[in-house]
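This report concerns only the one structure given below.
The values are calculated or read from the model by the stated rules, or taken from the named source; none is laboratory data. Small disclaimer: the values here were computed from a predicted structure and weren't measured. A quick note on method: Cβ atoms are made from the backbone with ideal geometry, for glycine too, and the neighbour counts reach across all protein chains shown. Heavy atoms of the whole protein, side chains included, go into the accessibility calculation; ligands, DNA and RNA do not. Shrake-Rupley method; radii C 1.70, N 1.55, O 1.52, S 1.80 Å.
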Amino acid sequence: MAQPVVGGEIERLIQLLAKLPGLGPRSARRAALHLIKKREALMQPLGKALADAAAAVSVCTICGNVDSKNPCTICVDPRRDASILVVVEDVGDLWALERAAATRGRYHVLGGVLSPLDGIGPGDLNLASLVVRVRAGGIAEVVLAMNATVEGQTTAHYITDQLAGCGAKVTRLAHGVPVGGELDYLDDGTLTAAMKSRTPF
Ligand SMILES: [Zn+2]
């Protein structure tokens, strides 16, 4: 067994960094060493930013988004189109759509997908508040922006049933050929989905 080469504080830092997605033990050691070398310029501001964010973070009671204020920045932004509600599985999906500036609508974050095998049912997700929100009126279209996975599509079907007769049009993202994609490289499922959801030219 190799003897530790660093003291407890640094070892603890490396262990915590290694828990971040995309960082294994090796890259965690490199990140820790980088922080140590940039102690004043990076390590101390990062420590303060982490503490500040941890203290400020809250879940929006309207949409389920995570922000440093509640209601969140998007829910209180008057420039947003309140008639379009985009339903996403997770905050990461909301961020992806915002990066792409794909919609000017507002969001509803489910916090996961239905997955009976993992014991995740409707009560575990931010679903009841979605139905209440849509039934309250003022929403013309609900866009189901779920992942193109079995669980994502099962969840989309469930939501469609729950929103039946609520007065809003329910749509979903198109499935098919990615921008810049070549047909020869697509898997059978994607090609079949693209053929099914073809649109007028
Ligand atoms: Zn919100």
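Considering only alpha-carbon pairs that sit under 8 angstrom and 6 or more positions apart, the relative contact order computed for segment 26-107 is 19 percent.
Probe radius 1.4 Å, ligands and nucleic acids ignored: give me the carbon and sulfur share of the accessible area of the chain as a rounded percent. Mind dumping the intermediate values first?
Details: 7980 of 13440 Å².
The nonpolar share, carbon plus sulfur, comes to 59 percent.
For the chain, what is the accessible area per residue in Å², given a 1.4 Å probe and the full set of protein chains? Walk me through the numbers before you get to the answer.
Details: 13440 Å² over 201 residues.
Roughly 67 Å² per residue, with all protein chains present.
Placing +1 on the Cβ of every Lys and Arg and -1 on the Cβ of every Asp and Glu, with no other charges, gives segment 33-182 a dipole of roughly 560 debye about its Cα centre. By the rule of a C-alpha distance below 17 Å, with chain neighbours fewer than 8 residues away ignored, the aspartates and glutamates paired with LYS196 are ASP187, ASP188.
I'd like to know which of ASN147, VAL66, ALA168 lies farthest towards the positive end of the charge dipole of the chain, counting +1 on Cβ of Lys and Arg and -1 on Cβ of Asp and Glu. With unit charges placed on the Cβ atoms, the residue in question is VAL66. Electrostatic bookkeeping for CYS63 treats Lys and Arg as +1 and Asp and Glu as -1; over the other residues with beta carbon under 12 Å from its beta carbon, the sum is +1.
For the set LYS38/LYS69; LYS69/LYS169; LYS19/LYS48, the pairs lying more than 27 angstrom apart at their alpha carbons are LYS38/LYS69; LYS69/LYS169. Relative to the dominant Cα principal axis of the chain, helix 44-56 is inclined by about 40°. Which of the three applies to segment 115-201, rounded, prolate or oblate, going by the alpha-carbon gyration tensor with a ≥ b ≥ c and a/c under 1.5 meaning rounded? Judged from the Cα gyration tensor, segment 115-201 comes out oblate (a/c at least 1.5, b/c at or above a/b).
Across segment 58-201, the relative contact order, built from alpha-carbon pairs under 8 Å that are at least six residues apart, equals 19 percent. For ILE120, the amide hydrogen comes within under 5 Å of the amide hydrogens of SER115, counting only partners 5 or more places away or on other chains and with H modelled in the peptide plane. In summary, segment 14-167 shows an alpha-carbon radius of gyration equal to 1.27 times the 2.2 N^0.38 Å reference for compact globular proteins. Using 1/(1 + (r/R0)^6) with R0 = 35 angstrom and r between the beta carbons of THR73 and ASP188, what's the FRET efficiency to the nearest 0.05? With R0 = 35 Å, the Cβ-Cβ based efficiency is 0.25.
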